[in-house]
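The values are calculated or read from the model by the stated rules, or taken from the named source; none is laboratory data. These numbers were taken from a predicted model, which means no experiment stands behind them. Cβ placement follows ideal geometry from the backbone for every residue including glycine, while neighbour counts extend to all protein chains displayed.
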Amino acid sequence: DIVMTQSPLSLSVTPGEPASISCRSSQSLLPINGYIRLDWYLQKPGQSPQLLIYWGSTRASGVPDRFSGSGSGTDFTLKISRVEAEDVGVYYCMQAVQTPPYTFGQGTKLEIK
Amino acid sequence: EVQLVESGGGLVQPGGSLRLSCAASGFSFSSYWMHWVRQGPGKELVWVSRINPDGSYTSYAESVKGRFTISRDNARNTVYLQMNSLRAEDTAVYYCTRDSYISEIYYGWDAWGHGTTVTVSS
């Protein structure tokens with residue numbers, strides 16, 4: 001199984017400042033039909049997860065452009081250019097390349113300073 | 001509006017059974033793969049099972065294989081998770097989610113239900 005490892009596991013950010021979350025996979029996530037099946041999800045407090053990014057870098061419908069994803073191979077990054085209060089929650093990366101199983105990272109908890 | 005609504009959770013004794021349901025609306029249910037994902041108390045998300053659009057293909061996490069069965073009724077726009085031989089470690093919130101895999105292109109899991117809570121305890 002592919003193991004997804006996120007870092008940091010928590011971060012506290014001042015509103016307006018940037019944030020970055022790393023996600024590393026234990027095996028290279030090779031593109032399928034030209035697309036990397038690496039997603040980012042945000043689970044806001046008390047809510048179910050929501051899709052932020054798919055293909056490693058494409059924002060889902062309605063996701064603000066302050067969110068961006070990048071990476072290839074085994075190293076992926078989610079960046080928030082200017083954190084807002086509504087961005088608090090737990091961020092998860094997930095691989096859908098070598099399945100089953102689909103595997104998530106441990107989650108990164110974002111708090112506002 | 002795309003909606004997924006789970007039901008069927010509750011308190012069950014170890015060794016017992018539950019059947020979860022996920023009712024879908026607002027989209028062409030029979031065209032989509034569906035998944036169940038669970039989250040133990042204070043824990044991360046864990047994939048449990050998947051089913052293809054016509055219900056002919058299913059997969060399971062090793063931790064539930066042989067105990068859980070996923071199925072779907074496309075006429076009722078509903079996906080199910082039959083859970084048998086439940087253990088304390090199956091205690092979790094169970095989410096159903098839609099896999100936007102269309103024309104062999106993957107677009108992520110773009111719809112999630114609110115979840116239903118399963119507690120396995122004596």
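If I filter region A:10-20 for residues that are under 14 Å from A:THR74 (Cα atoms) and of a type in the set (Val, Ile, Thr), do I get at least one hit?
Within region A:10-20 (the criterion being under 14 Å from A:THR74 (Cα atoms) and of a type in the set (Val, Ile, Thr)), the answer is no, since none of the residues qualifies.
Just checking, how many residues over region B:13-43 are assigned to a loop (DSSP other than H, G, I, E, B) and under 27 Å from A:GLN98 (Cβ atoms)?
3
Here are some residues: B:SER100, B:SER63. Which one is within 24 Å of A:TYR54 (Cα to Cα), at the interface with another protein chain (Cβ under 10 Å from one of its Cβ atoms) and among the small types (Gly, Ala, Ser)?
Values: B:SER63 fails: within 24 Å of A:TYR54 (Cα to Cα).
Among B:SER100, B:SER63, only B:SER100 is within 24 Å of A:TYR54 (Cα to Cα), at the interface with another protein chain (Cβ under 10 Å from one of its Cβ atoms) and among the small types (Gly, Ala, Ser).
Looking only at residues that are of a type in the set (A, V, I, L, M) and within 13 Å of B:HIS114 (Cβ to Cβ) in region B:13-23, which one is surrounded by the most Cβ atoms within 10 Å (Cβ to Cβ)?
Only one residue fits best here, namely B:LEU20.
Counting residues that are free of Cβ contacts under 8 Å to residues at least 24 places away in the same chain and closer than 24 Å to B:THR58 by Cα, which strands (runs of 3 or more DSSP E) fully inside region A:13-113 reach at least 3?
A:50-54
Test each condition in (1) out of contact with any Ser or Thr (no Cβ under 8 Å at 6 or more places or on another chain); (2) modelled with pLDDT of 95 or more; (3) more than 10 Å from chain B (Cβ to nearest Cβ) for A:GLN43 and report the one that comes out false.
If we test A:GLN43 against (1) out of contact with any Ser or Thr (no Cβ under 8 Å at 6 or more places or on another chain); (2) modelled with pLDDT of 95 or more; (3) more than 10 Å from chain B (Cβ to nearest Cβ), just (3) comes out false.
Among what's in region B:1-56 and is under 11 Å from the mean Cα position of the chain (by Cα) and basic (Lys, Arg), pick the residue that is farthest from the other protein chains (Cβ to nearest Cβ).
B:ARG19
Give the residues of region B:1-12 that are part of a strand (DSSP E or B), surrounded by 15 or more Cβ atoms within 10 Å (Cβ to Cβ) and not aliphatic (A, V, I, L, M), sorted by residue number.
Residue satisfying the conditions is B:GLU6 alone.
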